[in-house]
Number of protein chains: 2
Amino acid sequence: MPQAVIAIHGGAGTITRAAMDANREREYTTALEQVLLAGQRVLADGGSALDAVTEAVRLLEDCPLFNAGRGAVLTHDGTYELDAAVMNGATLDAGAVACVKRLRNPVLAARAVLERSELVLFAAEGAEAFAEAQGLELVAPEYYFTQARHDQWVRARATSGMALLDHDAAALAAQAAQAGAVDPIDPDNKFGTVGAVACDAAGNLAAATSTGGVTNKQVGRVGDTPIIGAGCYADDVAAVSSTGTGEMFIRTVAAYDVSAQMRYAGLSLEESARRVVMEKLPAISGRGGLIAVDRAGNVTLPFNTEGMYRGVARVGDPVNVWIYG
Amino acid sequence: MPQAVIAIHGGAGTITRAAMDANREREYTTALEQVLLAGQRVLADGGSALDAVTEAVRLLEDCPLFNAGRGAVLTHDGTYELDAAVMNGATLDAGAVACVKRLRNPVLAARAVLERSELVLFAAEGAEAFAEAQGLELVAPEYYFTQARHDQWVRARATSGMALLDHDAAALAAQAAQAGAVDPIDPDNKFGTVGAVACDAAGNLAAATSTGGVTNKQVGRVGDTPIIGAGCYADDVAAVSSTGTGEMFIRTVAAYDVSAQMRYAGLSLEESARRVVMEKLPAISGRGGLIAVDRAGNVTLPFNTEGMYRGVARVGDPVNVWIYG
């Protein structure tokens, strides 16, 4: 039997030491540790991998430091649109919600879709009506509000206004730099997503992912987070949660590809995940990272950005968290 | 250089000879032939695989016989919610729309997302606003109306009303049979989707898929059609369009899995598609089929249901269409 383990991420991107002071860094590492301890406790008490990843992502959604649930980024219209997914590797059961605006915890709605519906993906008002009927907590938009995300949105709107005719991200960033503005792309938060993967004592795997999406995104944009196989995937080989430029993770079917290369080409978890993050995604300018676990309890946390909020906790061992590369 | 080829499907399910008279059969085969001839013409004129599949699916959407565009099924609320996706294997570029209600041709909106946005998946009103800004044709809900789909919806609602506490499909069907009612599951139309795959003279591949979803579906339900990797996928190994019980195609990442088994395990197109349709999907009660083409121009059209509307046209050869197994 493997040693039960949970890994989490809080998004990848440009997390430079210059932009991070000691207090801010401690805030993030403490938050990651608390979430890991809670997930570890679920597993230590004999809980399933599915229960552990759901609980970890629920806590990450409730933490305003991360772009999911409370603390989510704003769309171009100043609204919130959240996505989440969860998958049980033991059964291939999956549930996901997209473009929900009133749910405190999108991951709990995804879990309810998995357990209490015949659907996998439920969008917008239909998903909210289902979640409400299941007794899940609804919130007003103000619940998601944080000053930092609001200020970021104001900056992004101001800068995108002058650049509407030029969608090239590098050109945008160069213009902003010349103007002395904050990077309008804000890669840190552009890649903001949270997720968890776990292997329980029975060797069963599960994954969960949740996000507020991309700052200033067009209303209706759905990234990789609620797409089974892209932002979230689990079977009896591997469980994977992704974070990054969502469109490229969809086009490379990034999360499932980790499992597929292991199953069909006999690669290790680490090598399979490395090829996805360091070769396949960069080939189409995809940036970000992923966390993955296999049924032997191996964990890998590759990313092709400067940093990724991440951590691992094995039952019976101390928790470990990291931010930079 | 391969002989350019296009394959199409118009959905899989219980298409029994008993329910089909000669006139009805001729309607379907003629429609499939016309679409194939149009797609074949695009390829013969030197058009790309991407152009051929887009044109074929546009025509299938316009044909009221199939569950996509005009002729789409109704949701539980009596509304229409359409999904479509398209992918260019040469570049891994992809575009998709979900839950759109006012677009004459969802596949053209998916194509516009692919070519004129940085997004891959666009949902609901946001997708419609984007399509409208791109000059695509909007329609009123009446445009989609057909008497057959409406009658089917009335039957499904009537039957599901008595079975609200029992979501088991087999029990539902048994109850309906005892009551002398039409099968409320209506497997024929439950699996209604249209799609096309093509290999052009340059050996480039593309796939497109479009659907009205499932009769009497819950508003907000998104199946596999707009999910890259599930209902639609293309790379430089294979192009795939799926039709069937969408949730199981999402959970098995069915379309991408055809390519993955070829690339990583060295399987042929035919064997890879066979394993997905005849082994992986049935293992989780998934029913339906897919059409797939590789860069050598090989085509395979497996399905695990009684029938699948389908056809193949190679440039320079007569077109072939089939309905039954």
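Run the accessible area of chain A with a 1.4 Å probe and give the carbon-and-sulfur part as a rounded percent.
Reported share for carbon and sulfur atoms: 51 percent.
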Q: Using the Karplus curve 6.51 cos²θ - 1.76 cosθ + 1.60 with θ = phi - 60°, work out ³J(HN,Hα) for each residue of the range A:270-276 in order, rounded to whole Hz, and write x for Gly and Pro.
A: 5, 5, 5, 5, 4, 5, 5
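Quick check: with the 1.4 Å probe, what order do A:LYS217, B:LYS280 take by accessible area, largest first?
Largest accessible area first, the list is B:LYS280, A:LYS217.
222 nm [θ] for chain B, helices only, -39500 (n - 2.57) per DSSP H run of 4+, per residue, to 500?
Roughly -10500 deg cm²/dmol at 222 nm, from the helical runs in chain B.
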Q: Search the structure for amide H atoms under 5 Å from the amide H of B:THR193, placed 1.01 Å from N in the peptide plane, and list their residues when 5 or more places away or on another chain.
A: B:GLY11, B:ALA12, B:ASN67
Q) Which whole-number percent gives the relative contact order of chain A, counting Cα pairs below 8 Å spaced six or more residues apart? A) 27
Q: Obtain the nm distance between the two label points defined at A:GLU115 and B:THR29 by a simple spin-label model: each point lies 7 Å from its Cα along the Cα-to-C-beta direction.
A: 5.2
Q: Please return the longest stretch of chain A lacking exposed loop sites, where GluC sites (Glu not before Pro) count only if DSSP places them in a loop and at most 14 other Cβ atoms lie within 10 Å.
A: A:138-325
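Using a 1.4 Å probe and counting only protein heavy atoms, how much accessible surface gets buried when B and A come together, both sides summed, in Å² to the nearest 100?
Separately minus together, B and A give about 3100 Å² buried.
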Q.
Nothing charged except the Cβ atoms of Lys and Arg (+1) and of Asp and Glu (-1): what's the magnitude of the dipole of the range B:44-83 about its Cα centre? Round to the nearest 20 debye.
A. 120
Q) Measuring label to label, 7 Å along Cα→Cβ, what does A:TYR143 give against each other copy in nm, shortest first? A) 3.7
Q) What are the radius of gyration and Dmax of the protein assembly as shown, computed over its Cα atoms and given in Å? A) 23.5, 78
Q: Please calculate how many Å² of accessible area the protein assembly as shown carries per residue, with a 1.4 Å probe and no DNA, RNA or ligand atoms counted.
A: 35
Q | Karplus 3J(HN,Hα) series, Hz, for the range B:224-236 with 6.51 cos²θ - 1.76 cosθ + 1.60 (x for Gly, Pro) | A | 7, 3, x, 9, 4, x, 9, x, 7, 6, 8, 9, 8
(Q) Taking θ = phi - 60°, what integer Hz values does the Karplus form 6.51 cos²θ - 1.76 cosθ + 1.60 yield along the range A:106-122, in sequence order, with x for Gly and Pro? (A) x, 5, 6, 5, 4, 5, 5, 4, 4, 8, 10, 9, 9, 8, 10, 10, 10
Q: Report the label-to-label distance for B:GLU132 and B:ALA296 in nanometres (one decimal), using points 7 Å from each Cα along the Cα→Cβ vector.
A: 5.0
Q: Apply the Debye scattering formula to chain A, with a single equal point scatterer on each alpha-carbon and no solvent, then give log10 I(q)/I(0) at q = 0.08, 0.16 Å⁻¹.
A: -0.31, -1.31
Q: Determine the dipole magnitude for the range B:184-325: charges of +1 sit on the beta-carbon of Lys and Arg, -1 on that of Asp and Glu, nothing else is charged, the reference point is the Cα centre, and the result goes in debye to the nearest 20.
A: 260
Q: Quick one: Debye curve from the alpha-carbon atoms of the range A:1-160 only, equal weights, vacuum; give me log10 I(q)/I(0) at q = 0.11, 0.13 Å⁻¹ to two decimals.
A: -0.49, -0.68
Q: Would you be so kind as to list the residues of the range A:95-131 that have their accessible area lowered by at least 40 Å² in the full protein complex compared with their chain by itself (1.4 Å probe)?
A: A:GLU118, A:LEU119, A:VAL120, A:LEU121, A:PHE122, A:ALA123
Q. What residues of the range B:224-241 lose no less than 40 Å² of accessible area with every protein chain in place versus their chain by itself (probe 1.4 Å, heavy atoms only)?
A. B:ILE227, B:ILE228
Q. Over the range A:263-325, how many percent of alpha carbon pairs lie in each 10 Å bin up to the one with the longest distance?
A. 20, 47, 28, 5, 0
Q) Counting only residues 5 or more places away or on other chains, whose amide H sits under 5 Å from the amide H of A:TYR233 once H atoms are built in the peptide plane? A) A:VAL240
Q) Once amide H atoms are built 1.01 Å from N in the peptide plane, which residues 5 or more positions from A:SER268, or in another chain, come under 5 Å H to H? A) none
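The values are calculated or read from the model by the stated rules, or taken from the named source; none is laboratory data. Here the structure is a predicted model, which means the values were calculated and not measured. No Cβ is skipped: glycine too gets one built from the backbone with ideal geometry, and neighbour counts run over all protein chains shown. For accessibility, only protein heavy atoms count, side chains too; no ligands or nucleic acids. Shrake-Rupley method; radii C 1.70, N 1.55, O 1.52, S 1.80 Å.
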